[in-house]
Amino acid sequence: MNTPNEQKLQALIPLLTGDKTRGQAFEQLVKLTQRPLYWHIRSMLLVHEDADDVLQNTYLKVWRSIGNFRGDSSLFTWLYRIATNETLTFMAQQRMRNTMTSVDYEDLMLSRMEADTYYDGDEMQHKFQQAILQLPEKQRLVFNMRYYGDMKYEQMSEITGTSEGALKASYHIAVKKIEQFIRETD
Amino acid sequence: MVTKQALYMMTQNDILDRLLRSLDDDAMQNNEAAAEEGELHFTLPDDYFTSFSDRLSKKLEAGHNDNAIGLKARNPLSAPLRIAMAVASAAAMLVLFFSTGFYFYNEQRAIDAQVESIMAYDDAVDSLIYFVGGQNIEEILADATLYE
């Protein structure tokens, strides 16, 4: 995972709460963290436009609530948690919006990904995304953090509030399901 | 030349291989290249990250308050107009409340009047039955002729 320099982030904390330094420190925070947060969101939402919206919402929430950051976890873990919550909220809203239609939200995501200008996957990669989308939402989150984010279970545990053992088991099951899906649909 | 099927199989093998490796805790650590590999089929607009942070920065430069970065939608109406609209909507709600109440009060009164008239009719029928006392109406009429 492209984890930003922890020391640099920690040094920003007092600056983020100061009235005069807040703006510049926030700008620095965005520059340091936007890349991994974007990819985390994108791996869940697949479509660039949606990921861009959620990334903006994430930083707006961070700007609004930076004063509430207590330092119980690292700043990056806290940001990741906000990004995860924003992503899950966005997905829930989209699902609600689509309850009136018979189209499954996951199917819609897949077709939107295909139509997205910023996707150039081939047939196999499409099938791989299809396999990931058949996982339950939370399991998909765990899978993406590990597979795409290359994240340690320890950090995943801090973000999701789930034990490392449960995360390992969940990831293992997810991999087996995906493997089975890929082999069966050949 | 690599055929489409061969390319498909190569991608499949890569994915399955990476899935297998990802189960091994140690193999995943510091494996930056593998992480990038997974992102290859997702692309981005040129200079996306620069433009993204610029967009946010511009909003911040406009002022360090919630409105400046778009957290709260600005209300385009002036304060006196907003107060006038609030008073007007409260008045409209009151009118609606009382007119609805008056309508239901009148309806209830009409229903009560109908019930009363039905009850009066029932009382009259009951009195007649009591007066007749269950006798055959012809017998009563026959008895009545005795006194003619």
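Coordinate-derived values only; no laboratory data. For clarity, every value in this text was computed on a predicted model and none was experimentally measured. Heads up, the Cβs are rebuilt from the backbone with ideal geometry, glycines too, and the neighbour counts pull from every protein chain shown.
Going down the table (A:Lys20/B:Lys58; A:Lys31/A:Lys138; A:Lys177/B:Lys4; A:Lys8/A:Lys152), which pairs top 23 Å between alpha carbons?
Details: A:Lys20/B:Lys58 16 Å; A:Lys31/A:Lys138 28 Å; A:Lys177/B:Lys4 26 Å; A:Lys8/A:Lys152 20 Å.
Check vs 23 Å cut-off fails for A:Lys31/A:Lys138; A:Lys177/B:Lys4.
When chain A is treated as a Gaussian network with alpha carbon springs shorter than 10 Å, the biggest mean-square fluctuation among A:Arg70, A:Arg95, A:Arg81 belongs to A:Arg70.
Helix A:6-17 and the longest principal axis of the C-alpha atoms of chain A enclose an angle of approximately 60°.
Hey, what did the range A:106-178 get for relative contact order, percent, Cα under 8 Å, at least 6 apart? If you can, show how the numbers build up before the last one.
Working: 39 pairs, mean separation 22.0, N = 73.
The value is 30 percent.
The angle between the Cα long axis of helix A:164-184 and the main principal axis of chain A comes to about 30°, on a 0 to 90 degree scale. Averaged over the residues of peptide B:47-54, the number of Cβ atoms from other protein chains lying within 10 Å of each residue's Cβ is 4.
Scanning residues 5 or more positions from A:Tyr119 or on other chains, those with amide H under 5 Å from its amide H are B:Thr43, with H placed 1.01 Å from N in the peptide plane.
3J(HN,Hα) along the range A:21-36: 9, 4, x, 5, 5, 5, 4, 5, 4, 4, 4, 6, 10, 4, 5, x Hz, from the Karplus curve 6.51 cos²θ - 1.76 cosθ + 1.60 with θ = phi - 60°, whole Hz, x for Gly and Pro. Each other residue within a Cβ distance under 10 Å of A:Ser73 adds +1 if Lys or Arg and -1 if Asp or Glu, for a net charge of 0. Ranked by the mean number of other Cβ atoms within 10 Å of their residues, highest first, the peptides A:167-175, A:56-64, B:113-121 fall in the order A:56-64, A:167-175, B:113-121. Couplings 3J(HN,Hα) of the range B:108-114, computed from phi: 5, 4, 5, 5, 4, 4, 5 Hz, in residue order, whole Hz [Karplus 6.51 cos²θ - 1.76 cosθ + 1.60, θ = phi - 60°; x for Gly and Pro]. Magnitude of the charge dipole for the range A:51-186, about its Cα centre and with charges confined to Cβ atoms of Lys, Arg (+1) and Asp, Glu (-1), is about 620 debye. Sorting A:105-118, A:7-20 by their mean Cβ neighbour count within 10 Å, with the most densely packed peptide first, gives A:105-118, A:7-20. Over the range A:1-158, what is the relative contact order in percent, taking alpha-carbon pairs closer than 8 angstrom and at least six residues apart? Worked out over the range A:1-158, it gives 29 percent.
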